[in-house]
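A.B. asks: Dumping the structure here so I can ask a few things about it.
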Amino acid sequence: MSETVETEGALETRGIEQVPEHERTARTRQLFPTWVGANISVLLLTMGASLVVAYHLNIWQALVVAVAAPAVSYGLVGLVGIAGKRGGAPGMALSRAVFGQRGNLLPGSLIWVARWGWETINAVTGAYAMLTILDIVFGLKAGGVLDLATLLVFVVATFAISGLGINAVQRCNTYATCLFGLFSVLVLGYLVANTDWSRVAHHGAGSTASVITGIGMIAAGGVSWIPSAPDFTRYLPRTASSRAIVGTAVGGAGVVVLPMVLMGAVMAVSTPDLASATDPVSFLGEILPTWIAVPYLFIALIGMLLINAMSMYSAGFTAQTLGFRVPRHWAVSVNAVISLALGGVLMLVATSFMGSFIAFLSLLAVAFSAWVGVFGADMLRRTEYDGEAMTDTTRTSAYWYRGGFSPAAVAAWAAGLVSGLMFTTSDWFTGPLAKNNVVGEYGLGWVATVLISGALYAVLPKPAVVRERPARERVEEPAVVGV
């Protein structure tokens, strides 16, 4: 990498342009703590509790869910991450090669707006963690002014990390990985010593449909990271192992999702209110002893901070692809302001935090999945990206296609999005096909979205690329199907 990227603590100055070959010196092993950090969320505990309380699964069925969900969602994260090493650019910049310069504005805008919600949920969770720590340690009670003050501190800290860039994000994730390991040992030790295991073992089993629903629910969170995957792999050399990219994504997510979901499921057997707590962070602070509650809440705070930093880091690139002609770190500030405003509304108005989160997650997954299906299908046929064409937003771009649009990609994306919503059910929205078929019943609207948009794009005629780089500048590699 260049000095602007390699120097510890330095501000990353690159935006959506293609990273030059001489700067692409990262290693695939650096991706492992990245995807660990992307999953250190207390909400996984409450979702694990929901498997027991809402879906009536036993501990063995929860184990199946906890293994399958990250394997499915982060397998897709890793596969799309391969595009980052091929093109050396962020995901939404590479997306211009698929949708066209103007066509890319459609999924880009929707994904950008969806990130507002994701970052708002994370910011509110982080603020709740700060409030609970202040209550336990200093006796300060939550209130309107204090709520907004903690939210402001959290968002500013998030902006500082994401604004610095990839170096700061990856280094913080490495430290968080070590802290998470220590935290897991503490909580697991407490659970082993204080859980009525006979009650856990004899908890009745749920239906197969409920297991599939649980997998879809938890995997939906991972789906939101798929468009961001190339953002974290673009500094890898073209020769980096594709298998390692996929393996680090699945492994990094799995080592967090598996224990967190299982711990939530175990806790829910004796404390079912965990699954429906209005404020899941402070609730956990109450049911755990102080000696473990404080470090737990600290880890929850750090985890949500880093998840939001990663999301805002990617959102900055998305904003640039939408036409914000400002440096990447200033593009990040747009999302910071939005998450602060929406977070304040959620903390002061929302009555059911988990209900809002699950409903939002269902719709969020569909919004991301329509892009995933098209982009993933395109990866099966594309082995290189034209960096000059990606940054050229005029009619001279090789990715201008027809009036700036790729008709095949835009049509497949729109059809997949509409179809996925028809199969989706949540507290906020229920599609007309959500209750009378297997996909709708199992809450797999995002799966239908990926399959429909990908299949349509695969069969529709694609516009020709009118200008490509000279052959001597390309480095070909096998397509994804060979990974």
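A.B. asks: In the stretch 255-332, how does Rg compare with the Kirkwood Rh, expressed as the Rg/Rh ratio over alpha carbon atoms?
C.D. replies: Value, to two decimals: 1.17.
A.B. asks: Sticking with this one: Counting helices only, and only those DSSP H runs with n ≥ 4, report the 222 nm mean residue ellipticity of the chain as the sum of -39,500 (n - 2.57) divided by its residues, in deg cm²/dmol to the nearest 500.
C.D. replies: -22000 deg cm²/dmol
A.B. asks: Return the equivalent ellipsoid semi-axes of the stretch 23-71 as a descending list in whole Å, where each equals the square root of 5 times an eigenvalue of the C-alpha gyration tensor.
C.D. replies: Sorted largest first and rounded, they come to 32, 12, 6 Å.
A.B. asks: Calculate, for I136 and D196, the FRET efficiency according to 1/(1 + (r/R0)^6) with r their C-beta to C-beta distance and R0 35 Å; round to the nearest 0.05.
C.D. replies: Efficiency, from the Cβ-Cβ distance: 0.85.
A.B. asks: If you take the alpha carbon radius of gyration of the stretch 27-182 and divide it by 2.2 N^0.38 Å, what ratio comes out, to two decimals?
C.D. replies: Ratio of Rg to 2.2 N^0.38 Å for the stretch 27-182: 1.26.
A.B. asks: Pop out the Kirkwood hydrodynamic radius of the stretch 166-209 from its pairwise C-alpha distances, inverse of mean 1/r, in Å to one decimal.
C.D. replies: By the Kirkwood definition, the hydrodynamic radius is 13.5 Å.
A.B. asks: Still on this structure: Would you mind working out the accessible area per residue for the chain, using a 1.4 Å probe, and quoting it in Å²?
C.D. replies: Per-residue accessible area for the chain comes out at 37 Å².
A.B. asks: Related question: In degrees, nearest 10, range 0 to 90: what is the angle between the Cα axis of helix 43-53 and the longest Cα principal axis of the chain?
C.D. replies: Tilt relative to the chain: about 60 degrees.
A.B. asks: Could you order D147, D196 by accessible surface area, starting with the largest, using a probe radius of 1.4 Å?
C.D. replies: Most to least solvent-accessible, the answer reads D196, D147.
A.B. asks: Check T430: other-chain or 5+ apart residues with amide H under 5 Å from its amide H, H built from backbone geometry?
C.D. replies: none
A.B. asks: Counting pairs of Cα atoms in the stretch 41-93, how many percent are more than 19 Å apart?
C.D. replies: Distances greater than 19 Å cover 47 percent of the Cα pairs.
A.B. asks: Sticking with this structure for a sec: Rg and Dmax of the stretch 101-148, Cα atoms, in Å?
C.D. replies: According to the Cα coordinates of the stretch 101-148, Rg and Dmax are 17.1, 54 Å.
A.B. asks: Follow-up. Mind checking the dipole of the stretch 1-149: about its Cα centre, +1 per Lys or Arg Cβ, -1 per Asp or Glu Cβ, Debye to the nearest 20?
C.D. replies: The dipole magnitude comes to about 480 debye.
A.B. asks: Roll a 1.4 angstrom probe over the protein heavy atoms and tell me the percent of accessible area of the chain that is carbon or sulfur.
C.D. replies: 67
A.B. asks: Residue-wise, which Karplus ³J(HN,Hα) couplings in Hz belong to the stretch 261-271, taking 6.51 cos²θ - 1.76 cosθ + 1.60, θ = phi - 60°, and x for glycine or proline?
C.D. replies: Calculated HN-Hα couplings, in order: 5, 5, 5, x, 5, 5, 4, 5, 4, 9, 10 Hz.
A.B. asks: Here's a follow-up. At R0 = 41 Å, how high is the FRET efficiency between V294 and T239 if r is their beta carbon distance? Nearest 0.05 is fine.
C.D. replies: 0.35
A.B. asks: When averaged across all projection directions, what area in nm² does the alpha-carbon convex hull of the chain cover?
C.D. replies: 21.4
A.B. asks: At 25 °C and a viscosity of 0.890 mPa s, what translational diffusion coefficient does Stokes-Einstein give for the stretch 161-264, taking Rh as the Kirkwood radius over Cα pairs? Give it in µm²/s as a whole number.
C.D. replies: 145
A.B. asks: While we're looking at this one, here's another question. Rounded to two decimals, what ratio of Rg to Rh does the stretch 213-273 give with C-alpha atoms and a Kirkwood Rh?
C.D. replies: Computed over Cα atoms, the ratio is 1.12.
A.B. asks: With +1 on each Lys and Arg Cβ and -1 on each Asp and Glu Cβ, and nothing else charged, work out how big the dipole of the stretch 32-352 is about its Cα centre, in Debye to the nearest 20.
C.D. replies: It works out to roughly 1320 debye.
A.B. asks: Right, another one. For the stretch 331-342, just list the computed ³J(HN,Hα) in residue order, Karplus coefficients 6.51, -1.76 and 1.60, θ = phi - 60°, integers in Hz, with x standing in for Gly and Pro.
C.D. replies: 4, 4, 5, 4, 5, 4, 5, 5, 5, 5, 5, 5
A.B. asks: May I ask you to evaluate 6.51 cos²θ - 1.76 cosθ + 1.60, the Karplus curve with θ = phi - 60°, for each residue of the stretch 193-208 and list the ³J(HN,Hα) values in order in whole Hz, giving x for glycine and proline?
C.D. replies: 7, 10, 8, 7, 5, 5, 5, 5, 5, 9, 5, x, 7, x, 7, 4
The values are calculated or read from the model by the stated rules, or taken from the named source; none is laboratory data. Given the structure is predicted, the values throughout are model-derived calculations rather than measurements. Cβ coordinates were reconstructed from backbone atoms using ideal geometry, including for glycine residues, and neighbour counts include every protein chain displayed. Quick note on the areas: whole protein, heavy atoms, side chains included, nothing else; ligands and nucleic acids left out. Shrake-Rupley method; radii C 1.70, N 1.55, O 1.52, S 1.80 Å.
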